[in-house]
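These notes are about the structure you will find just below.
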Amino acid sequence: MVVSDSWLRAVNGKPQDKMVTKSEREGLSVRVTAKGKVIF
């Protein structure tokens, strides 16, 4: 899965039902908390 700029903008600051984790093949991993905070 690719972590794209458009995906990050779409989820940043928006509450989620649960914590979402997305990672790339190269080792980059991004978590979005239930409150909408993006953590690399």
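Here are a few things to note about the model shown:
- Interchain or long-range residues, amide H under 5 Å from G36's placed H: Q16
- Comparing L28, V38, S6 along the charge dipole axis of the chain, the residue lying farthest to the positive side is V38, per the Cβ-charge model.
- Charging the Cβ of each Asp and Glu at -1 and of each Lys and Arg at +1, and nothing else, the dipole of the chain about its Cα centre rounds to 200 debye.
Values quoted throughout were computed directly from the atomic coordinates according to the rules given, and no laboratory measurement underlies them. It should be emphasised that the depicted structure is a prediction, and the values quoted were computed from it without experimental measurement. Methodologically, a virtual Cβ is constructed for each residue, glycine included, from the backbone with ideal geometry; neighbour enumeration extends over all protein chains shown.
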